[in-house]
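*Asks:* Before I ask anything, let me first share the structure, which is written out below as structure tokens.
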Amino acid sequence: VQLQASGGGLVQAGGSLRLSCASSRNIFSFNDMGWHRQAPGNQRELVARIASGGSTHYADSVKGRFTISRDNAKNTVYLQMNSLKPEDTAVYYCNANRGWNNALEYWGQGTLVTVSS
């Protein structure tokens, strides 16, 4: 399984970006897919997750600003990021989980998001 993340870049505070995560495998085969991020010196943290049934979960820090969605026909998951803040600066990784108890885990290569103040 390959996950190809794209869409990162440099944006001013208050701006928007949309990240994409294209899967080489039918995304219906995953229990859930998500976006995580890691800022320098910090641990990787969950940003948003979407289950195969469509339910979503967001970190408190991004609720109301970020939206995760999926396009099943394109096997792609998106993260729409609005009202970006400098503290959103990080490398963003997409992730997918399969199997019982999410025993199989896949990661994309990461895409850098930089928000300037």
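What follows is calculated from the coordinates using simple rules that are stated; it is not laboratory data. Note that the structure is predicted; figures quoted are calculated from it, not measured. When we count neighbours, we look across all protein chains shown, and the Cβ atoms used for this are built from the backbone with ideal geometry, even at glycine.
*Asks:* Just name one of V62, A22, T111: the one whose Cα is farthest towards the positive end of the charge dipole of the chain (beta-carbon charges, Lys/Arg +1, Asp/Glu -1).
*Replies:* A22
*Asks:* I've got another one for you. Which trypsin sites (Lys or Arg not before Pro) in the range 70-113 pass both tests, a DSSP loop state and at most 16 other beta-carbon atoms within 10 Å?
*Replies:* On the way: sites: R70, K74, R98; in loops: none.
Passing both the DSSP loop test and the Cβ count: no residue.
*Asks:* Could you go through the range 109-115 in sequence order and give the Karplus-derived ³J(HN,Hα) for each residue, using 6.51 cos²θ - 1.76 cosθ + 1.60 with θ = phi - 60°, rounded to whole Hz, and x for Gly and Pro?
*Replies:* Values per residue, Gly and Pro as x: 7, x, 9, 7, 10, 10, 10 Hz.
*Asks:* For the range 16-46 and the range 50-117, what is the separation of their Cα centres, given in Å?
*Replies:* 4
*Asks:* Could you pull out every residue, at least 5 positions away or on a different chain, whose amide H is within less than 5 Å of the one on K85? Hs are placed 1.01 Å off N in the peptide plane, and Pro or chain starts have none.
*Replies:* G14
*Asks:* As an exercise, use a Förster radius of 22 Å and the Cβ-Cβ distance of S6 and S55 to find the FRET efficiency, rounded to the nearest 0.05. Present the calculation step by step, with values, prior to reporting the outcome.
*Replies:* Numbers: r = 25 Å, r/R0 = 1.13.
E between S6 and S55, to the nearest 0.05, is 0.30.
*Asks:* Still on this structure, I have one more. DSSP beta bridges in the chain, what fraction antiparallel, as a percent rounded to 5?
*Replies:* Working: 39 of 43 bridges.
If I count the DSSP bridges inside the chain, around 90 percent turn out antiparallel.
*Asks:* Measure off 7 Å from each Cα along the Cα-to-Cβ vector at R44 and D71, then give the distance between these two points in nanometres to one decimal.
*Replies:* Placing both labels 7 Å along Cα→Cβ, they lie 2.6 nm apart.
*Asks:* With +1 on each Lys and Arg Cβ and -1 on each Asp and Glu Cβ, and nothing else charged, work out how big the dipole of the chain is about its Cα centre, in Debye to the nearest 20. It would help to have the intermediate numbers written out before the result.
*Replies:* Numbers: 11 positive and 7 negative charges, 37 e Å.
It works out to roughly 180 debye.
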